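J.: This structure is in C-alpha cells; I'll ask about it shortly.
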Amino acid sequence: MDAGLVAAADVCQVASARFAPAVCPRLVVKIGSSLLVDAGGNVRRDWLASVAADVAVRRRTGQAVVIVTSGAIALGARRLGLAKGGRASLDDAQAAAATGQIVLAAAYAELLGKHGLQAAQILLTLDDLDDRRRYLNVAATLDRLLALGAVPVVNENDSVATQEIRFGDNDRLSARVAPAAQAGGVILLSDVAGLYTADPRRDASARLLADVPSIDAAVEAMAGGTTGVGTGGMAAKVAAAKLAVAAGIPLAIADGRGDHPLAAFAATGIGTVFAATVGAPARKAWLAGRAVVAGQIIVDAGAATALAEGRSLLAAGVTAVEGGFVRGDLVAVVGPAGPIARGLIAYDAAEAGLIAGHRNDAQAALLGYAPRAALIHRDQMVLL
Ligand code: GLU
C-alpha cells in the first residue's frame, strides 16, 4: 500500500483534529473562484450560505476564522462582458476585479450577516506584507477585528496591484496572511479532494495523499500543472503550503465542492495535510537571528519580568530609548541583566522616547493621537 494511504483513517483523524478550535484558535480558510462562481458568472449563493453557516458554527466553538476569497475577477468579467474570464490582459483583470469585488463583498456581508456575523473587508498587495511597517498595520487590524468578533474577508487588491507587487494567487496570499493573523492553520477549499500522486483525471492509479510530513521534490512533482478558473492549481497550493509550514503553520487542501465543506472536513479529515515545520516559526527564528538591530529599548526589572511571562512590552517599563529606528524596525530590548528580547517596534524612535516611562492612559496627550496597544506586541517579539 502507498505510504500516503497507510492507516489513512488514523492520519485523517489527526489531520482534522489539528484544525480544531482547541489547537487552532484562529483559522484561515481560502475559497477559490471555481467553488464560488458558477458558469454564468454569479455567486453560488446556496453553497456560500453553507460556508457561512460553517463559519458561524466555528465561531460558536471559539474558533476565529479569517476568509481569504477569490472570485472578484470571475464575477466582474461577466458583468463587464470581458473575454477569457477577464484575464486577457492586466487592465481587464483589474477592471474585472474592481467590478467583481463589490459583488463579492456584498455576498459575504449578507450571508455572514444572516448568522449575526460582521464581515470586514481587507484588500492587500504583496508589498503590504513585505513592508514591516504595513505588516504590523495589517496584523494589528486583523487582531482587532478578530477580537471584536468580526470575520475578516481578505482578497488581493487586484485593481491596483501591478505584476511586481502581486501575490499572483490567493493560495499564496492565504499562506502569507496566516502569520499576520496569528492563525494556527490554513484550509484551502478546493475543487479537488487534495494532492494526488498523479493527475486523477488522467491516471486511474492516482491516489490521494492524506499527509505530507515534508515537501520534497517528489511532492512538488506531483503538483505539476494548473487547473480550473482560478489562477491557483495544485502547484500554487503546494507553493503556499511551503510558505505556511515554514512559518510553523499546518496547511490542508480539502474538498470544497459539497455544501458545508468545513463541517465535512472537520468530520472526515479527508484531504491533504502538510505538517508544520517543528520548532520556532521561521519568523521568530528570523527575528532572533538577524544580526543588525536598529536601536535598543532599555527596560526596568518589572518590564523584564512581564516579557519573560510572555506579555507585550509597554512603554511604562521603558527607562531609555537608543537609536534612530522607525516603526517596524527590529530593536533589541535590554533589561537590568542584559539583552532579553528582540522585536518589531510599533513607534518611531522620537515617539517611543516621548512615551517612555508613561502608562497607556497618559500617552495620548504626549503623542497627540490614540496610542497603540504596546511598544512591541508579544506576537512581534522573540525572547532570547
Ligand atoms: N484575487 C483573484 C480574484 O479575486 C483570484 C486569484 C486566484 O484565483 O487565486 O478574482
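J.: Would you calculate, for the chain, the mean residue ellipticity at 222 nm contributed by helices, counting each DSSP H stretch of 4 or more residues as -39,500 (n - 2.57) and dividing by all residues, to the nearest 500?
T.: So the calculated ellipticity at 222 nm is -12000 deg cm²/dmol.
J.: Using amide H atoms built in the peptide plane, which far-off residues or other-chain residues are under 5 Å from residue 124 H to H?
T.: Distant-sequence amide H within range of residue 124: 155, 156, 157.
J.: Which one of 338, 151, 204 is farthest out on the positive end of the charge dipole of the chain, using unit charges on Cβ (Lys, Arg +1; Asp, Glu -1) and the Cα centre as origin?
T.: Most positive-ward Cα: 151.
J.: Follow-up question, since we're still on this one. For a footprinting-style exposure proxy, rank 136, 148 by other Cβ within 10 Å, fewest first.
T.: 148, 136
J.: For residue 199 and residue 373, what is the calculated FRET efficiency with R₀ set at 56 Å and r taken between the beta-carbons, to the nearest 0.05?
T.: The pair residue 199/residue 373 has a calculated efficiency of 0.70.
J.: When Lys and Arg each count +1 and Asp and Glu each count -1, what net charge do the other residues less than 12 Å away from residue 317, Cβ to Cβ, add up to?
T.: +1
J.: Once both axes come from the Cα atoms, what is the angle between helix 170-180 and the longest principal axis of the chain, in degrees from 0 to 90, rounded to 10?
T.: With rounding to tens, the tilt is 30 degrees.
J.: If you don't mind, another one. Per-residue counts of other Cβ atoms within 10 Å, averaged by peptide: what ranking do you get for 251-264, 47-60, highest first?
T.: 251-264, 47-60
J.: For segment 60-101, list residues with backbone N below 19 Å from a point placed 7 Å from the Cα of residue 110 toward its Cβ?
T.: 69-80, 98-101
J.: What is the spin-label model distance, in nm, from residue 57 to residue 268 if the labels are put 7 Å beyond Cα along the C-beta direction?
T.: That separation, rounded to one decimal, is 1.4 nm.
J.: Out of every Cα pair in segment 103-260, what percent are spaced more than 18 Å from each other?
T.: 64 percent
J.: Shifting gears a bit: What does the charge add up to near residue 77, with Lys and Arg as +1, Asp and Glu as -1, over the other residues with Cβ less than 9 Å from its Cβ?
T.: Net charge in that neighbourhood comes out at +3.
J.: Dipole size in debye (nearest 20) for segment 236-384 around its Cα centre, Lys and Arg Cβ +1, Asp and Glu Cβ -1?
T.: Dipole size: approximately 400 debye.
J.: Turning to a different aspect of this structure: Between residue 206 and residue 147, what FRET efficiency comes out of the Förster formula 1/(1 + (r/R0)^6) with R0 = 25 Å and r the beta carbon distance, rounded to 0.05?
T.: Working from the Cβ atoms, E equals 0.05.
J.: Let's test the formula: R0 of 25 Å, r as the Cβ-Cβ distance of residue 361 and residue 319. What FRET efficiency results, to the nearest 0.05? Kindly include the intermediate steps, with their values, before the conclusion.
T.: On the way: r = 19 Å, r/R0 = 0.78.
Given R0 = 25 Å and the Cβ-Cβ separation, E is 0.80.
J.: Still on this structure, please answer the following. Among the lysines in the chain, how many pairs, 8 or more places apart or on different chains, have alpha carbons under 21 Å apart?
T.: 4
J.: OK, next. Tally Lys/Arg at +1 and Asp/Glu at -1 over every other residue whose Cβ is under 14 Å from the Cβ of residue 87; what's the total?
T.: Working: positive: 78, 84, 166; negative: 91, 92, 156, 158, 169.
Every neighbour counted, the sum reads -2.
J.: Picking from 55, 313, 81, whose Cα lies most toward the positive end of the charge dipole for the chain (charges on Cβ: Lys, Arg +1; Asp, Glu -1)?
T.: Value computed over the given set: 55.
J.: Going by the alpha-carbon gyration tensor, a ≥ b ≥ c the square roots of its eigenvalues, is segment 64-136 rounded (a/c under 1.5) or, if a/c is not under 1.5, prolate (a/b greater than b/c) versus oblate?
T.: Oblate, since a/c reaches 1.5 and b/c is not below a/b.
J.: Spelling out what I want: for every residue of segment 69-83, take phi, set θ = phi - 60°, compute 6.51 cos²θ - 1.76 cosθ + 1.60 (Karplus), and round to whole Hz; glycine and proline get x.
T.: 10, 9, x, 4, 5, 4, 5, x, 4, 4, 6, 9, x, 8, 6
None of the figures in this text is laboratory data; all of them are computed from the coordinates on show. Here the structure is a predicted model, which means the values were calculated and not measured. Positions of Cβ are generated from backbone atoms using ideal geometry, with glycine treated the same way; all protein chains shown enter the neighbour counts.
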